[in-house]
1. Quick one: dipole size for the chain, taken about the Cα centre, charges +1 on Lys/Arg Cβ and -1 on Asp/Glu Cβ, in debye to the nearest 20.
2. Nearest 20 debye, what's the magnitude of the dipole of region 64-192 about its Cα centre given +1 on Lys and Arg Cβ and -1 on Asp and Glu Cβ?
3. Where the centre of each part is set by its Cα atoms, how far does region 125-155 sit from region 27-66, in angstrom?
4. So if each residue of separation counts as 0.36 nm, and I subtract the Cα-Cα distance between Ile143 and Glu13, what length gain in nm does that give?
5. What percent do you get for the relative contact order of the chain when only Cα pairs under 8 Å and 6+ apart count?
6. Rounded to the nearest 5, what is the percent of antiparallel bridges among the DSSP beta bridges in the chain?
7. Towards the positive end of the charge dipole of the chain, with charges on Cβ (+1 Lys, Arg; -1 Asp, Glu), say which of Ala188, Val32, Ala14 has the farthest Cα.
8. What is the dipole size for region 1-104, taken about its Cα centre, with +1 at each Lys and Arg Cβ and -1 at each Asp and Glu Cβ, in debye to the nearest 20?
Amino acid sequence: MSVAESLEVHGPEAVKDAADFARVSGASASAVADLDRYRVLLGEWNEKMNLVGPATMGVFWSRHAWDSAQLLKFAPTAKTWADLGAGAGLPGVVLAILGKDRPGFHVHLIDSLTKRCRFLQAMVDELSLPATVHDARAESLDIPVDVVTARACAPLPRLLGYAQPYFRRGAVGWFLKGQDIASELEEATTSWVFEAQVLPSLSDSRGHILSVRSVSRARSV
């Protein structure tokens, strides 16, 4: 059994607050404090710009923090990450907070909307995160990373296109996906050839974690 397949699921009902998050994630007290500060800042910025659904702030610890943090359970040895369409910093800011004390850990937060990059840079500065903000289209960059990730960025066929430069440099994809993963995979196979593994989300029974590697364009018939 792989590490990913042996992980325990802790749904929304099990992660209601910071203490629950610390218990299921194993995060340090300092990391939880940073996450709580991020929660407050995200709420403040969200009043001025649309970063996350306002109703989701009430379930921040399960919907946002734990949903993002679970990626470290699936890829525990990865040190360099690229978060495509980083937007509100999910999962990238959460990963950077949890990786602050890990030597060599770094997250590239990539978004093509300048105002979202201003928010991301404010989080990096405020929390002294091991992260770099890139105001650019994901597919225009050439950054070597261990993992390329995304959450609510794009349907899989387009997402694989955005992530192609990272796959070419050896990255593995670990993507947070919803309940429509089967149809996304089917559509993606019309344009791409790849190896994929679908695993259940640790944070929500309706979600999935998609691992992707060996990605290339499908040959036209």
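1. 440 debye
2. Approximately 200 debye in magnitude.
3. 19 Å
4. Numbers: separation 130, 0.36 × 130 = 46.80 nm, distance 3.78 nm.
Between Ile143 and Glu13, full extension yields an extra 43.0 nm.
5. Reported as a whole number, the value is 18 percent.
6. Of the beta bridges lying entirely in the chain, close to 45 percent run antiparallel.
7. The residue sitting most towards the positive pole is Ala188.
8. So the dipole magnitude of region 1-104 works out to roughly 220 debye.
We did not get these values from a lab; they are worked out from the coordinates using the rules stated. Quick caveat, the model's predicted, so the values are computed rather than measured. For neighbour counting, all protein chains shown are included, and Cβ atoms are generated from backbone atoms with ideal geometry for every residue, glycine included.
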